[in-house]
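Q: Can you keep this structure in mind? I'll have questions shortly.
The values are calculated or read from the model by the stated rules, or taken from the named source; none is laboratory data. This one's a predicted model, so the numbers in the text were calculated from it and none came from an experiment. Because the Cβ atoms are built from the backbone with ideal geometry, glycine has one as well, and the counts that use them run over all protein chains shown.
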Amino acid sequence: MQGFIFKDFLEFANKRLGNAVVDQALAQCQLESRGVYSTRQQYNPRELVTLLGELSRQTGHSGRELLQSYGQWLFKTLVNLPLPMRPFDDSFSFLAAVEEGFHKEVRELFPNANLPRLTCERGGPHEMTLEYQSALGLADLAYGLLLGCCDHFQESVEIQRESLAAGGTHERFHLKRG
């Protein structure tokens, strides 16, 4: 997993949970990186899971809740990256372009990036199905990113989740714009 994600997650956790909580969690976890991340370097994704578990234990927030909240935060970070992307009018047009637009750009910048595979299917102007697949099992993060996307475009979208495999590695999200 890209160091950029770890650095951004620590910034999120510090702002939402406090520096003392994050420092204590880092001290409790036996992380190979010791909690020091370089933006361009790759790290074991298990470090994020370990850190999430410790933050959950310390705060009483579920790992799922923390990951979804981080996904909403992360969307704001990602949408503001200086990538050459066309402007989008709504969440559905943005989501339909993620795989061939945003992910393509990220892969050019970070060739070793382990990005999820996303496929979108429109069911008319107000409905979309998005399928998420990743060995990392971060479907809760994907759900948070979807929420962040809808917030960004100031749209009311109902999202239903359907698990297609255990461990959050393959999920289908049904989106319906109100």
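Q: So if I check each of E162, E155, which one is surrounded by 14 or more Cβ atoms within 10 Å (Cβ to Cβ), in contact (Cβ under 8 Å) with a residue 12 or more places away in the chain and among the acidic types (D, E)?
A: E155
Q: A further question follows. Among the residues that make up region 99-107, is at least one of them buried (at least 16 other Cβ atoms within 10 Å of the Cβ), in contact with a helix residue (DSSP H, G or I) (Cβ under 7 Å, 6 or more places away or on another chain) and not basic (K, R)?
A: Scanning region 99-107 turns up no residue that is buried (at least 16 other Cβ atoms within 10 Å of the Cβ), in contact with a helix residue (DSSP H, G or I) (Cβ under 7 Å, 6 or more places away or on another chain) and not basic (K, R).
Q: Please specify each residue of region 165-178 satisfying the condition of being assigned to a strand (DSSP E or B) and surrounded by fewer than 14 Cβ atoms within 10 Å (Cβ to Cβ).
A: None; the set is empty.
Q: Being closer than 21 Å to Q2 by Cβ and at pLDDT below 95 narrows it down to one of L78, L66, so name that one.
A: L78
Q: Among the residues of region 131-141, which ones are in contact (Cβ under 8 Å) with a residue 40 or more places away in the chain, surrounded by 22 or more Cβ atoms within 10 Å (Cβ to Cβ) and in contact with a strand residue (DSSP E or B) (Cβ under 7 Å, 6 or more places away or on another chain)?
A: Within region 131-141, just Y132 meets the criteria.
Q: Go through region 94-123 and give me each residue that's outside any loop (DSSP other than H, G, I, E, B) and over 25 Å from Y43 (Cβ atoms).
A: F94, L95, A96, A97, E100, G101, T119, C120, E121, R122
Q: Could you give every pair whose Cβ atoms fall below 8 Å, whose first residue belongs to region 91-109 and is under 19 Å from C150 (Cβ atoms), and whose second residue is of a type in the set (D, E), counting only separations of at least 6 or pairs across chains?
A: Note: pairs meeting the criteria are S91/E155.
Q: Restricting to region 81-98, and then to whatever is surrounded by fewer than 16 Cβ atoms within 10 Å (Cβ to Cβ) and among the aliphatic types (A, V, I, L, M), can you tell me which residue is modelled with the highest pLDDT?
A: L81
Q: Still on this structure: What single numbered condition from (1) more than 19 Å from P116 (Cβ to Cβ); (2) modelled with pLDDT under 95; (3) not hydrophobic (A, V, I, L, M, F, W, C) fails to hold for E54?
A: The one condition E54 does not meet is (2).
Q: Further question on the same structure: Which residues, taken from region 10-43, are within 21 Å of N114 (Cα to Cα) and in contact with a Ser or Thr (Cβ under 7 Å, 6 or more places away or on another chain)?
A: If the condition is that a residue be within 21 Å of N114 (Cα to Cα) and in contact with a Ser or Thr (Cβ under 7 Å, 6 or more places away or on another chain), then L31, Y43 are the ones that fit.
Q: Oh, and also: For region 93-111, which residues satisfy the criterion of being of a type outside the set (A, V, I, L, M) and under 17 Å from the mean Cα position of the chain (by Cα)?
A: Across region 93-111, the qualifying residues are F94, E99, G101, F102, H103, K104, E105, R107, F110.
Q: Further question on the same structure: Of all residues in region 69-127, count the ones that are of a type in the set (A, V, I, L, M, F, W, C) and in contact with a strand residue (DSSP E or B) (Cβ under 8 Å, 6 or more places away or on another chain).
A: Selection size over region 69-127: 8.
Q: Within the set of pairs 6 or more residues apart or between chains, which connect a residue that is under 16 Å from K76 (Cβ atoms) inside region 1-24 to a residue that is among the β-branched types (V, I, T) and modelled with pLDDT of 95 or more with Cβ atoms less than 6 Å apart?
A: Qualifying pairs under 6 Å: A13/V22; N14/V22.
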